[in-house]
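Below: the structure, in structure tokens.
The values are calculated or read from the model by the stated rules, or taken from the named source; none is laboratory data. Nothing here was measured: the structure is a model prediction, and the numbers come from that model. Here the Cβ is made from the backbone with ideal geometry for all residues, glycine too, and neighbour counts use every protein chain on show.
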Amino acid sequence: MEYQYRDILKAPPEQEELEQLAAMGNMELTELINTGSKAFKDTGADPQKITNREAGEIISKNPRAMHRPLLTDGKGLVVGFKPEEMEGMF
């Protein structure tokens, strides 16, 4: 099985890529935000009021605010450490 590892701290995703990832997971971009993370809390943003655009800006500036890991096969997306879902992707 081949895979490509990406260190998102060194190469943060941009808005367009985040929108594509959210679409693969059938979710809103705001759902990629880890509202419990220190990185998100430090922004002072209200998790109930942020827009998809704002979520993308927050993640692009500080990817630690995003749920991790992300695993995609180009069609679907698994967000967070979910071994069963990850295995199902292969």
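So here's what we get for this one:
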item	result
Selection within the range 46-90 - modelled with pLDDT of 90 or more, in a helix (DSSP H, G or I) and either among the aliphatic types (A, V, I, L, M) or under 13 Å from Leu9 (Cα atoms) (or both)	Ala55, Ile58, Ile59, Ser60, Lys61, Pro63, Arg64, Ala65
Single residue of Phe40, Phe90 found to be among the aromatic types (Phe, Trp, Tyr) and closer than 19 Å to Tyr3 by Cα	Phe90
Any chance Ile8 is outside any loop (DSSP other than H, G, I, E, B), β-branched (Val, Ile, Thr) and in contact (Cβ under 8 Å) with a residue 24 or more places away in the chain	no
Of all residues making up the range 27-45, the number that are assigned to a loop (DSSP other than H, G, I, E, B) and either under 16 Å from Arg68 (Cβ atoms) or among the β-branched types (Val, Ile, Thr) (or both)	6
Hits in the range 44-90 - residues which are exposed (fewer than 14 other Cβ atoms within 10 Å of the Cβ), of a type outside the set (D, E, K, R) and in contact with a helix residue (DSSP H, G or I) (Cβ under 8 Å, 6 or more places away or on another chain)	Thr51, Gly74, Gly76
Test result for Ile33, touching a Ser or Thr at 6+ places or on another chain (Cβ under 9 Å) and surrounded by 13 or more Cβ atoms within 10 Å (Cβ to Cβ)	no
The range 10-30: number of residues that are farther than 14 Å from Gly74 by Cα, surrounded by 10 or more Cβ atoms within 10 Å (Cβ to Cβ) and aliphatic (A, V, I, L, M)	2
Pairs where the first residue, in the range 12-26, is part of a helix (DSSP H, G or I) and the second is among the charged types (D, E, K, R), C-beta under 8 Å, 6+ apart	Gln15/Arg53; Gln15/Glu57; Ala22/Glu28; Ala22/Glu31; Met24/Lys75
